[in-house]
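Trainee: Please find one structure pasted underneath; my questions will follow.
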Amino acid sequence: MSLVVNTNILSLGTQRSLAVSGDALQSAMERLSSGKKINSAADDAAGFAIAERMTAQVRGLNMATKNTNEALSLLAVIENASSDVTDMLQRMRELAVQAANDTNSVADLQYLQEEVDSLVQEIDRVATQTQYNGQSVLDGTFSEKSIQVGSDAGQTVSLSVASLQSAYVGYTYEATGSQTSGANNYDSDSNTTVVGSNTLDPGVRAEDFVSFGDPDLDSVYYVVYSMDDGMLVYGDASAIAADETINKVELGLQNVDLVNDAAAALEFIDAGLTQVSSYRAEYGALQNRLEYTVSNLMNVAEYSAAARSQIEDADFASESARLAKAQVLQQSGAAMLSQANASAQLVLSLIK
């Protein structure tokens, strides 16, 4: 090997090795201090993109779990309020059974009716004043709601809560005749209104109407007419042809009259109990569904986080070994650089 002074090849090679071990030392220390194997996109471009996508999924799943738990809390409020309505209906039924006994005087029946009227008012109060997060949930306005139960768009569960107002509980239907053409939606002479919706079958539940009639009206009507395809559709009252059929919807618990017809009142109340029980069964089934949803979301989030960890998190055993190796190489490299720099002094022995 030639002895030169201007270019110290040994020193340059040692500096390069020292820089490589320095980079390894810096990387190991960064990973050990942050706990992450990927601290920037430059560390692993593909791994960085995958980890970020999985982070978005995990965080979305965690928020979806929170959303679902909030929906369960909402359903608990609805269930408890509906349970109170059921209890009041049960008490009304007891009173109706008592009123059906002919041993009661007119005064007795009036006392029983007073309690029934009070219970009907309380049912209306519960239906209109039960709220969750500032939203009324039992007055019929809480419908077609979506619960976001996934991390992506469209992963929702629909929720609609029927009205428990007395006008919509315990209703019946009866045919009342025909409609003349050119009728208006509201008839002031008979204090009635005609309401419409689309693609509903005859006998549809009163609370299924999007724009139901005013409960203060004497009667509420809807009009049914047949289309060419055989579907029964509810039409605009102003476009109704002559001799179309009109169905009358009696106004639920407001028809309970223990004084004049306790037997009919008992039928109304039984219909109301069946109706509310059906609602509660639907809400209970949805609660069970959402509980399984929460379990599944937590399971997916857990294993998604584990998969992300394999890509993103630092292995401390491996990184600590890399750190020790880099530290030794740095120390030995520094010693060798000192020796390489001193090698040029051999030239002096040649020129003495």
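The values are calculated or read from the model by the stated rules, or taken from the named source; none is laboratory data. In this text, all values refer to a predicted model and were calculated from it rather than measured experimentally. Every residue, glycine among them, receives a Cβ derived from its backbone with ideal geometry; neighbour counts consider all protein chains shown.
Trainee: Select from the stretch 45-83 the residues that are under 30 Å from Ser136 (Cβ atoms) and acidic (Asp, Glu) and write down the one among them that is surrounded by the fewest Cβ atoms within 10 Å (Cβ to Cβ).
Mentor: So, considering only residues that are under 30 Å from Ser136 (Cβ atoms) and acidic (Asp, Glu), the one surrounded by the fewest Cβ atoms within 10 Å (Cβ to Cβ) is Glu70.
Trainee: Something else: Quick one: count up the residues across the stretch 300-336 that are small (Gly, Ala, Ser) and either in contact with an Asp or Glu (Cβ under 6 Å, 6 or more places away or on another chain) or not in a helix (DSSP H, G or I) (or both).
Mentor: Matching residues across the stretch 300-336 total 1.
Trainee: Additional query: Conditions first: (1) at pLDDT below 90; (2) assigned to a helix (DSSP H, G or I); (3) not small (Gly, Ala, Ser). Thr293 passes all but one, so which condition is the exception?
Mentor: Of the numbered conditions (1) at pLDDT below 90; (2) assigned to a helix (DSSP H, G or I); (3) not small (Gly, Ala, Ser), the odd one out for Thr293 is (1).
Trainee: Can we say Val85 is in contact with a strand residue (DSSP E or B) (Cβ under 8 Å, 6 or more places away or on another chain), in the same structural domain as Leu290 (by TED's automatic domain parsing) and under 26 Å from Ser277 (Cβ atoms)?
Mentor: No, not satisfied.
Trainee: Within the stretch 293-302, identify whether any single residue is without any contact (Cβ under 8 Å) to a residue 60 or more places away in the chain and more than 17 Å from the chain's Cα centre (by Cα), and answer yes or no.
Mentor: Checked against the condition, which is being without any contact (Cβ under 8 Å) to a residue 60 or more places away in the chain and more than 17 Å from the chain's Cα centre (by Cα), the stretch 293-302 yields at least one hit.
Trainee: Another question, if that's okay. Could you grab me the full set of residues in the stretch 104-121 that are more than 10 Å from Leu258 (Cβ to Cβ) and either among the β-branched types (Val, Ile, Thr) or in contact with a helix residue (DSSP H, G or I) (Cβ under 7 Å, 6 or more places away or on another chain) (or both)?
Mentor: Correct list: Val106, Leu119, Val120.
Trainee: Turning to a different aspect of this structure: Can you go through Leu323, Leu346, Leu337, Leu350 and tell me which one is surrounded by 15 or more Cβ atoms within 10 Å (Cβ to Cβ), more than 22 Å from Ile38 (Cβ to Cβ), in contact (Cβ under 8 Å) with a residue 12 or more places away in the chain and not small (Gly, Ala, Ser)? Write out each step before concluding.
Mentor: Numbers: Leu323 fails: more than 22 Å from Ile38 (Cβ to Cβ); Leu346 fails: surrounded by 15 or more Cβ atoms within 10 Å (Cβ to Cβ); Leu350 fails: surrounded by 15 or more Cβ atoms within 10 Å (Cβ to Cβ).
Only one candidate qualifies: Leu337.
Trainee: Take the conditions surrounded by 16 or more Cβ atoms within 10 Å (Cβ to Cβ) and of a type in the set (Gly, Ala, Ser) and apply them to Ala162. Does it pass?
Mentor: Here the answer is yes, as Ala162 does meet what is asked.
Trainee: Touching a residue at least 40 places away in the same chain (Cβ under 8 Å), polar (S, T, N, Q) and part of a helix (DSSP H, G or I): is that true of Asn80 in this structure? So that I can check it myself, show each step before the final result.
Mentor: Values: touching a residue at least 40 places away in the same chain (Cβ under 8 Å): no; polar (S, T, N, Q): yes; part of a helix (DSSP H, G or I): yes.
Against the criterion (touching a residue at least 40 places away in the same chain (Cβ under 8 Å), polar (S, T, N, Q) and part of a helix (DSSP H, G or I)), Asn80 does not qualify.
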